[in-house]
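As structure tokens, the structure follows; a few thoughts come after it.
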């Protein structure tokens, strides 16, 4: 058993031991699933293990479980979007030293679109590839919206995996593990041993697979007005604290498309020195690209009197005064 410094998921900035279940190679789960090899701390996984937290109303873990169950109910009818959506094959619980963990078993996939993007010069993907990826992604989003009544709300290159062309590369991983078993590493803190990810060369098909439903929200029959979505892909109606629905996903896809074509984020309203989202900066960037929002819309926003004059023109002095107004929910 090797020894060393923190590796793999333990190097992540928000790592906490209790959030991870110490999987051992060869371990059997739910009398059905055997751990063959570790392919990545986040990507590729076919068995996702998440700890159950106390607050069920706000837990992304329990929300993902509930949404996956909802999607499964609507997956009985044929729809092209099913080919581009990663559903759960099984959901079950296991007990760990830190409490109960939920397990999500699903078909293994390849790298994320973000990882694929990083293999291209300046992170710029060819236009034809982007067109193909986005075209296919819309099938999944259409199924979520029109059939399931939900919005993903967290569309980004990190949450889109690439389909594996065939199972050959996965069988190769199994053979490699059999011939040269992975050696668990005890890190510097002396906690539970951890395995290094096994490097793989997966043949990717080019089909995007939408995944990660922890932030998914029910839209059908609901009125959503709360602060939501990831910082770099937040839709204007969420920013202005107006009612929002399915359209927020379309906004995210548009922002992501430009990101894939240009190799950089369209918006970056982050105070890097303090690691905080800056609302006035976000408004300034959005208006800089798109112009002022329509007056009849922003009059409905609780931010109207703070950031705009009576004619709907931006009050940039107010932007400066409220530079530290960060509306993250508590």
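The values are calculated or read from the model by the stated rules, or taken from the named source; none is laboratory data. What you see is a predicted model, and the numbers here were worked out from it, not measured in a lab. Positions of Cβ are backbone-derived with ideal geometry, glycine not excepted, and every protein chain shown enters the neighbour counts.
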Subset of segment 217-240, residues surrounded by 16 or more Cβ atoms within 10 Å (Cβ to Cβ) and assigned to a helix (DSSP H, G or I), comes to 232, 233, 236, 237, 238, 239
* Asked: Looking at residue 200, is it at pLDDT 95 or above and surrounded by 14 or more Cβ atoms within 10 Å (Cβ to Cβ)?
  -> no
Picked from segment 56-84 (must be in contact with a helix residue (DSSP H, G or I) (Cβ under 7 Å, 6 or more places away or on another chain) and within 17 Å of residue 218 (Cα to Cα)), the residue surrounded by the fewest Cβ atoms within 10 Å (Cβ to Cβ) is 56
When segment 25-39 is checked residue by residue, the ones that are assigned to a loop (DSSP other than H, G, I, E, B) and either at pLDDT 85 or above or within 16 Å of the chain's Cα centre (by Cα) (or both) are 25, 26, 27, 30, 31, 32, 35, 36
Apart from one, (1) touching a strand residue (DSSP E or B) at 6+ places or on another chain (Cβ under 7 Å); (2) modelled with pLDDT under 85 all hold for residue 287; the odd one out is (2)
